[in-house]
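Please treat every number below as a calculation from the coordinates, not as lab data. Here the structure is a predicted model, which means the values were calculated and not measured. In this analysis, Cβ positions are derived from the backbone assuming ideal geometry, glycine residues included, and neighbour counts consider all displayed protein chains.
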Amino acid sequence: RMKDEELKCIEDLSRKIEQSSHIMVISGAGISVSCGIPDFRSAGGIYDRIQEKFSLLDPQEIFDLDMFKENPEMFYSFAKEIIPKSTEPSLSHRFIKDLERHQKLLRNYAQNIDGLESAAGIDRVVYCHGSFSTAHCLRCGAAYTLEDIKEDIVQGQVPRCSRCCEEESCCHPLPIHPDATPGWDEEQSSNSSTVVAPNVIKPDIVFFGEPLNSQFFDCFNSDREKVDLLLVIGTSLQVAPVSKIPLSISPQVPQVLVNMEVVGPSNHWFDLELIGPCDIIIQRLYQLLGWQQNEEQQQCS
Ligand code: OAD
């Protein structure tokens, strides 16, 4: 049961949504928790499970590019636990789609790699941290799909590129394909002839040590001038550059947090903080906005 104060805050948010037509949504792992997908940093989350399994100084090392090149076995012995399984989006995913249907969504900056934004049909989405749906050979850049490497992932084995082995190019690295790693930066590209990358296939999720893909920066540079409401849902806001978005837009733009806990960069505060499970808060928002849930097939008036 919500307290009067909480209900009043949700009413405030509903009014802000009604008044806005360029809403930027930053979403994170918290919006998929109700789909049975654990988040990263909460107790019992993915990083706790990684810590139990490997003795790492920091569980985030499992997503570290250099570590991956040195020891892909570690990532692939865990990857089966994080490949997308659920195809049923949460109410929060569907709400972002409904913002789009009502022509209010400027962009969804999604940090998740579970693909549930696409399952909900959200078009105006930027997958800031890439996706598991495609993969590339680190050596020759050959493209693969999740289906191609799923069997290896499920078996806990490192998927290897059959194409560059067949071409006997393993000892003579080819130039890296431009899409091979979403964030392969200038310095690494120019050194690529000296980097003897193994013929390991890496999913196109953005690892620490890789910049985000250019779509993120292109969209954000244009969106930052247009946004009239920032909605941050289900993220600890700990990973840059997404964590810097709230500080990078005009202070005139209202900012609202919907999360289980108060988060955010230091010296920053949200105009409104709705603390609790996002689906419950969003359910109430639907009532206040007078929107139907499951509007999937209905046209927006
Ligand atoms: P985190 O696990 O860091 O944060 C999830 C946030 O969601 C936490 O603040 C939780 O309190 C909150 N939360 C959990 N359940 C919730 C619920 N039902 N309703 C509302 N809030 C809830 O996940 P992210 O912030 O998404 O990178 O993590 C950012 C990035 O760090 C991820 O994209 C991942 C990781 O390294 C990659 O996968 C490449």
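State whether the range 205-301 is rounded, prolate or oblate according to the following rule on the C-alpha gyration tensor (a ≥ b ≥ c being the square roots of its eigenvalues): a/c under 1.5 gives rounded; otherwise a/b larger than b/c gives prolate, and the remaining case gives oblate. Write out the running numbers ahead of the final one.
Values: a/c = 1.69, a/b = 1.41, b/c = 1.19.
Taking the square roots of the gyration eigenvalues as a ≥ b ≥ c, the range 205-301 is prolate.
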- With r as the distance between the Cβ atoms of Asn221 and Arg15 and R0 = 30 Å, compute the FRET efficiency 1/(1 + (r/R0)^6) and round to 0.05. 0.55
- Query: Using alpha carbons only, how many degrees (0 to 90, rounded to 10) separate the axis of helix 4-19 from the longest principal axis of the chain?
  - Reply: 80 degrees
- Only helices counted: for the chain, with every DSSP H run of 4 or more residues adding -39500 (n - 2.57) and the sum spread over all residues, [θ] at 222 nm is -9000 deg cm²/dmol
- Task: Please build a GNM for the chain, connecting alpha carbons under 10 Å apart, and tell me which residue among Phe208, Phe63, Phe40 fluctuates the most.
- Result: Phe63
- For the range 230-243, what does the Karplus curve 6.51 cos²θ - 1.76 cosθ + 1.60, with θ = phi - 60°, yield as ³J(HN,Hα) per residue in whole Hz, taken in order and with x for Gly and Pro? 10, 10, 10, 10, x, 9, 7, 6, 10, 10, 7, x, 4, 4
- Query: How fast does the range 80-162 diffuse by Stokes-Einstein, in µm²/s, taking the Kirkwood radius from C-alpha pairs at 4 °C and 1.567 mPa s?
  - Reply: 91 µm²/s
- Message: Rounding to the nearest 10 and keeping the result within 0 to 90°, find how far the Cα-based axis of helix 91-101 lies from the longest principal axis of the chain.
- Response: 80 degrees
- Message: Between Cys35, Cys137, Cys128, where does the largest GNM mean-square fluctuation fall for the chain, given springs only between Cα atoms within less than 10 Å?
- Response: Cys35
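List the equivalent ellipsoid semi-axes of the range 16-58 in whole Å, largest first, each obtained as the square root of 5λ for an eigenvalue λ of the Cα gyration tensor.
Working: eigenvalues 221, 26, 8 Å².
Equivalent ellipsoid of the range 16-58: 33, 11, 6 Å, largest first.
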- Query: Between Glu18, Glu73, Glu210, which gets the highest mean-square fluctuation from a Gaussian network model of the chain, Cα cutoff 10 Å?
  - Reply: Glu18
- Task: Specify the angular offset, from 0 to 90 degrees and rounded to the nearest 10, of the alpha carbon long axis of helix 278-289 from the longest principal axis of the alpha carbons in the chain.
- Result: 40 degrees
- Kindly provide the pair-distance distribution of the range 1-142 built from C-alpha pairs, with 5 Å bins from 0 and whole-percent values in order of increasing distance. 2, 8, 15, 17, 17, 15, 11, 7, 5, 3, 1, 0
- Message: With the cut-off at 31 Å, tell me which of the pairs Lys3/Lys80; Lys3/Lys53; Lys8/Lys97; Lys3/Lys85; Lys8/Lys80 have Cα atoms farther apart than that.
- Response: Lys3/Lys80; Lys3/Lys53; Lys3/Lys85; Lys8/Lys80
- Computed P(r) (all Cα pairs; the chain; 20 Å bins; percent): 32, 54, 14, 0
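From the square roots a ≥ b ≥ c of the eigenvalues of the alpha-carbon gyration tensor of the range 204-245, which class results: rounded (a/c under 1.5), prolate (a/b over b/c), or oblate? Could you put the intermediate results ahead of the total?
Numbers: a/c = 2.57, a/b = 1.29, b/c = 2.00.
Since a/c reaches 1.5 but b/c is at least a/b, the shape of the range 204-245 is classed as oblate.
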- Item | Highest average packing first - 102-109, 260-267, Cβ atoms within 10 Å | 102-109, 260-267
